Amino acid sequence: MQIVNRVSEMQSIADSLRKDGKIISCVPTMGFFHDGHISLMKKALELGDILVTYLFVNPTQFAPNEDFSKYPRDLKQDTKIAEQAGVHYLFCPEVEDMYPGGFNSSVHLSGITDKFEGKLRPTHYIGVSTVVAKLFNAIKPHVAVFGQKDYQQTLVIKQMTKELLFDIKIVVAPTLREPDGLAMSSRNIYLNPEERKFAVIIYSALNDATQAIMNGESRRKIINGVMHNALRKLSSIKIDYASAADSDNLDEPDEFKPGQKVVLLVAVYQGRTRLIDNALVTIPGK
Ligand code: AMP
């Protein structure tokens, strides 16, 4: 595995790989690898000849009050994990190389970014879409793999790729979970043992709502209520949102139609740690 630190070096490598007819796949990450990241790398290895994993804690997607400075980092361990996973290039640019002095561009999508995460974190998706556009131009991949764990992000990236004509296939891979159901996340390390134990309630809330839908419930407010009721059992949880929406556009009709694909989106604080999760479910009956 080769570690690449410079954008210009990454671009030359990508050019020569493409010249040799190689299919480049990539997995964008902020590092502190867990099995969820590794599952994305495995998927990407199946989809291309050469895997570039991008490791960059992107400052512009964190608001000033968020956890950029304390976001967990362990480059040594990540290098080992990436090498074992079969990554060919680990691309870890410096902030100054990604955002040199005077950098003054951004990619701003409307619509999907105005809802849920985007509503609560108004600059977040501008940071995400800008950095992903840049990494696409640095790595020049044919395929990029993202996790369903960040569901709204996958919609944002798909919209950007389509509307700005990036010739890149976007693949979404399933969420890997701990044995008790908690979605793996680099931020889980913030949880103290008690918070960690009870964080499983997020998964229970998603399961309760999925079950309600499978039992015939299609009214959005009732489905949301099922999730809120489950989450409210734990006083340490503060709900940012726990909502059902159309899985393509995140619209929120009063009632979902038979056959409609719904995403259940949850964002909560467990203590001081913000956790997100989601589940996809189809309204029965068509
Ligand atoms: P992050 O490093 O947290 O920004 O995540 C990098 C990529 O890994 C994103 O596409 C995430 O959606 C994905 N990811 C994060 N957690 C998981 C998980 N538990 N299972 C699968 N993919 C994940």
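The values are calculated or read from the model by the stated rules, or taken from the named source; none is laboratory data. Everything numeric in this text was worked out from a predicted model, so none of it was measured. Note: ideal-geometry Cβ built from the backbone for every residue, glycine included; neighbour counts use all protein chains shown.
Here are the numbers for this structure:
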{"quantity": "Any hit, the stretch 62-84, residues being at positive phi and modelled with pLDDT of 95 or more", "calculated": "no"}
{"quantity": "Filter result for Leu182 (within 30 Å of Ser235 (Cα to Cα), in contact (Cβ under 8 Å) with a residue 12 or more places away in the chain, away from the ligand (no atom under 13 Å from the Cβ) and buried (at least 19 other Cβ atoms within 10 Å of the Cβ))", "calculated": "no"}
{"quantity": "Those helices (runs of 4 or more DSSP H) lying entirely in the stretch 98-172 with at least 3 residues within 25 Å of Leu47 (Cβ to Cβ) and within 16 Å of the ligand (Cβ to nearest atom)", "calculated": "124-139, 151-163"}
{"quantity": "Selection count, the stretch 1-35, where residues are in a helix (DSSP H, G or I), touching a strand residue (DSSP E or B) at 6+ places or on another chain (Cβ under 6 Å) and not aliphatic (A, V, I, L, M)", "calculated": "0"}
{"quantity": "Residue list for the stretch 204-219, filter: crowded, with 19+ Cβ neighbours inside 10 Å and in contact with an Asp or Glu (Cβ under 7 Å, 6 or more places away or on another chain)", "calculated": "Leu206, Ser218"}
{"quantity": "Leading residue by the ranking (surrounded by the most Cβ atoms within 10 Å (Cβ to Cβ)) among those in the stretch 63-81 that are under 15 Å from Ser186 (Cα atoms) and of a type outside the set (D, E, K, R)", "calculated": "Ile81"}
{"quantity": "Residues located in the stretch 153-168, provided they are surrounded by fewer than 17 Cβ atoms within 10 Å (Cβ to Cβ) and touching a residue at least 40 places away in the same chain (Cβ under 8 Å)", "calculated": "Glu163, Leu164"}
{"quantity": "Ser243 touching a strand residue (DSSP E or B) at 6+ places or on another chain (Cβ under 6 Å) and polar (S, T, N, Q)", "calculated": "yes"}
{"quantity": "Search result, residues across the stretch 1-58 that are without any contact (Cβ under 8 Å) to a residue 12 or more places away in the chain, more than 16 Å from the ligand (Cβ to nearest atom) and on the phi < 0 side of the Ramachandran plot", "calculated": "Ser8, Glu9, Ser12, Ser16, Lys19, Asp20"}
{"quantity": "The one condition in (1) closer than 24 Å to Val57 by Cβ; (2) at pLDDT 95 or above; (3) out of contact with any Gly (no Cβ under 8 Å at 6 or more places or on another chain) that Glu255 fails to fulfil", "calculated": "(1)"}
{"quantity": "Qualifying position, being in a loop (DSSP other than H, G, I, E, B) and in contact with a Lys or Arg (Cβ under 8 Å, 6 or more places away or on another chain), among Gly259, Gly181, Gly216", "calculated": "Gly259"}
{"quantity": "Selection count where residues are hydrophobic (A, V, I, L, M, F, W, C) and either within 17 Å of Ala183 (Cβ to Cβ) or modelled with pLDDT under 95 (or both), scope the stretch 28-49", "calculated": "5"}
{"quantity": "Pairs, first part of a helix (DSSP H, G or I) in the stretch 192-213, second among the acidic types (Asp, Glu) and modelled with pLDDT of 95 or more, C-beta under 7 Å, six or more apart", "calculated": "Ile202/Asp277; Tyr203/Asp277; Leu206/Asp277"}
{"quantity": "Selection within the stretch 1-49 - among the acidic types (Asp, Glu) and surrounded by fewer than 15 Cβ atoms within 10 Å (Cβ to Cβ)", "calculated": "Asp15, Asp20, Asp35, Glu46, Asp49"}
